[in-house]
Amino acid sequence: MREYLLTLCITAAVTYLLTGPVRKFAIVAGAMPEIRARDVHREPTPRLGGIAMFFGLCAGLLVADHLTNLSEVFEKSNEPRALLSGAALIWLIGVLDDKFEIDALIKLGGQMIAAGVMVMQGLTILWLPIPSVGSVALTQWQGTLLTVALVVITINAVNFVDGLDGLAAGMVCIAAAAFFLYAYRIWYSYGIEAAAPATLFSAILMGMCLGFLPHNMHPARIFMGDSGSMLIGLVLAAGAISITGQIDPDALKLFAGSEKAAVHQTVPVYIPLLLPLTIIAVPAADLISAIVRRTWRGQSPFAADRGHLHHRLLEIGHSHSRAVWLMYFWSALIAFGSLAYSVNSASMWIVLGVVFLSAIGLVLLLLPRFTPRVPMWAQHVVPPRYRRRRAAVAETVEVEQRTPVAVGVAGVNGATALSARSHVPERRKAETSR
């Protein structure tokens, strides 16, 4: 655990220290696109934050390779090299997109190629655990297609949710923390060495996000851009592929009683429809709703709009920071709820706790919709938004009606200070008299 924490800290420190120079480089390079209709920020902000995150990834892998225990991961497995190869390719495509705005289909092709590069180097799904059936071996083509699909879906889910300051980095950090605890439990508690790469990937991913977040919180001084969002999406998918498709559930039957029982025990993280979508359920839901919404309108699934979940939170009435924290809350609830259920699926307290927190989340989500009537004696206690405004507005209007307003007074609305109907004829009359 000390070596994992050291790797996490080194990755976070390198990412944090490099983000400032990268911001200056992005400004000089002109990677500051104009504000688009779907953007929520008001001033042009430099991108290319993924450059610092990529070098943080490289630093984390380099440090882990020289540590006593983590160096065995590089000796026994080729997965770290496969991750670095795919990450370098997807990062390069993201940098080009941040600078030159390349086509969406080209980016999709690059994502598939990056996933294929990892598959060629051994980072692929070999078998699939299915409840009540056991582990099902996959053919080479089935494993390749499933791996590529998982990488592409995860990358685009993270990319779609990157719409508010600090949102994508924080949500992925929460997902990586939950995945780290699960992978470390498989590696340490069960003694399965094949879970070590996924644990390392999750620790490095947390360091990348934690190092970038101080620069990206509202108001953001730099955006990660596609170079960062696609990179962290690929790292998250690589960890899910490693622990899902490389670990044989048969290795757990000594501890769970049978292979079917072992698969059933790990279902909350393995098989809720698609493998890693349990821990990024919020971005995945946003991705699916965006595709359905755009296709229903006859648009391309890659067409940008303002219908994402974070945009709807702003439309409801939440502030920028509150919308981000709400998304954090739901991500943490789903990720750590699944983690707790995987540890002890028979506990009713876990289910009741998740239901109770979900109810609190719904109340917080719909809070701007409610305007409760607060008694007069509590007007000075509650926040200003819950105080009675109708009486104050009515009193102000009454005072304005009593006070005579001179024509042409500065600072008063034109409809009150100037009468267009009375002045236009006078102006025309003066012109005709000349």
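The values are calculated or read from the model by the stated rules, or taken from the named source; none is laboratory data. Quick caveat: nothing in here was measured; it's all calculated off a predicted structure. Cβ sites come from the backbone with ideal geometry, for glycine too, and all protein chains shown count toward neighbours. Only protein heavy atoms, including side chains, enter the accessible area calculation; ligands, DNA and RNA are left aside. Shrake-Rupley method; radii C 1.70, N 1.55, O 1.52, S 1.80 Å.
For Met230, state whether it is in contact with a Leu (Cβ under 6 Å, 6 or more places away or on another chain), at pLDDT 85 or above and either closer than 19 Å to Ala52 by Cβ or not aliphatic (A, V, I, L, M) (or both). Criteria not met by Met230. The set of residues in the range 185-219 being crowded, with 24+ Cβ neighbours inside 10 Å, hydroxyl-bearing (Ser, Thr, Tyr) and free of Cβ contacts under 8 Å to residues at least 60 places away in the same chain consists of Ser202 alone.
Selection of the range 43-64 for residues being in contact (Cβ under 8 Å) with a residue 12 or more places away in the chain and of a type outside the set (A, V, I, L, M) yields Pro44, Thr45, Pro46, Arg47, Gly49, Gly50, Phe54, Phe55, Gly56, Cys58, Gly60. Checked against the criterion of being closer than 19 Å to Ala82 by Cα and open to solvent by 10 Å² or more (accessible area, probe 1.4 Å), the range 220-227 contains not a single residue that satisfies it. Going residue by residue through the range 311-322, is there one that turns out to be open to solvent by 60 Å² or more (accessible area, probe 1.4 Å), in a helix (DSSP H, G or I) and at pLDDT 75 or above? Yes, some residue in the range 311-322 is open to solvent by 60 Å² or more (accessible area, probe 1.4 Å), in a helix (DSSP H, G or I) and at pLDDT 75 or above. Among the residues of the range 323-347 satisfying the criterion of being open to solvent by 20 Å² or more (accessible area, probe 1.4 Å) and within 14 Å of Asp165 (Cα to Cα), which is modelled with the lowest pLDDT? Filtering the range 323-347 for residues that are open to solvent by 20 Å² or more (accessible area, probe 1.4 Å) and within 14 Å of Asp165 (Cα to Cα), the one modelled with the lowest pLDDT comes out as Trp325. If you filter the range 1-32 down to residues that are modelled with pLDDT under 90 and of a type in the set (Gly, Ala, Ser), you find that the one that is nearest to Ala196 (Cα to Cα) is Ala31. Listed by first and then second residue, the pairs linking a residue in the range 135-162 that is touching a residue at least 12 places away in the same chain (Cβ under 8 Å) and over 17 Å from Thr244 (Cα atoms) to a residue that is among the aromatic types (Phe, Trp, Tyr) and assigned to a loop (DSSP other than H, G, I, E, B), with Cβ atoms under 9 Å apart and 6 or more places separating them unless they lie on different chains, are Asn156/Phe302; Asp162/Phe223. Does Gly116 satisfy the criteria of being buried (at least 16 other Cβ atoms within 10 Å of the Cβ) and either polar (S, T, N, Q) or over 23 Å from the mean Cα position of the chain (by Cα) (or both)? Considered against the rule, which asks whether it is buried (at least 16 other Cβ atoms within 10 Å of the Cβ) and either polar (S, T, N, Q) or over 23 Å from the mean Cα position of the chain (by Cα) (or both), Gly116 comes out as yes. Contact annotation: residue pairs with Cβ atoms under 7 Å, 6 or more positions apart or on different chains, pairing a residue in the range 320-349 that is within 12 Å of Tyr182 (Cβ to Cβ) with a partner that is modelled with pLDDT of 80 or more and open to solvent by 20 Å² or more (accessible area, probe 1.4 Å), are Ala335/Ile174; Leu339/Leu181.
Being modelled with pLDDT under 95 and open to solvent by 50 Å² or more (accessible area, probe 1.4 Å) is the filter; apply it to the range 33-58 and report the residue that is nearest to the chain's Cα centre (by Cα). This residue is Arg38.
The range 120-230 holds helices (runs of 4 or more DSSP H) entirely within its bounds, and those carrying 3 or more residues that are farther than 22 Å from Ala12 by Cα map to 140-161, 167-189. Note on the range 60-80: among residues that are of a type in the set (A, V, I, L, M) and in a helix (DSSP H, G or I), the one that is surrounded by the fewest Cβ atoms within 10 Å (Cβ to Cβ) is Leu62. Total residues in the range 151-170 satisfying the condition of being of a type in the set (A, V, I, L, M, F, W, C) and open to solvent by 10 Å² or more (accessible area, probe 1.4 Å): the figure is 3. Residue pairs whose Cβ atoms lie under 8 Å apart, separated by 6 or more positions or on different chains, with the first residue in the range 114-129 and over 11 Å from Ser85 (Cβ atoms) and the second part of a strand (DSSP E or B) and not hydroxyl-bearing (Ser, Thr, Tyr), are Leu126/Ala137; Trp127/Val136; Trp127/Ala137; Leu128/Val136; Pro129/Val136. Please verify whether Phe223 is at pLDDT 80 or above and out of contact with any helix residue (DSSP H, G or I) (no Cβ under 6 Å at 6 or more places or on another chain), treating the condition exactly as stated. Answer is yes for this residue. Within the range 84-113, the set of residues being modelled with pLDDT under 90, open to solvent by 20 Å² or more (accessible area, probe 1.4 Å) and touching a Gly at 6+ places or on another chain (Cβ under 8 Å) comprises Lys99 only.
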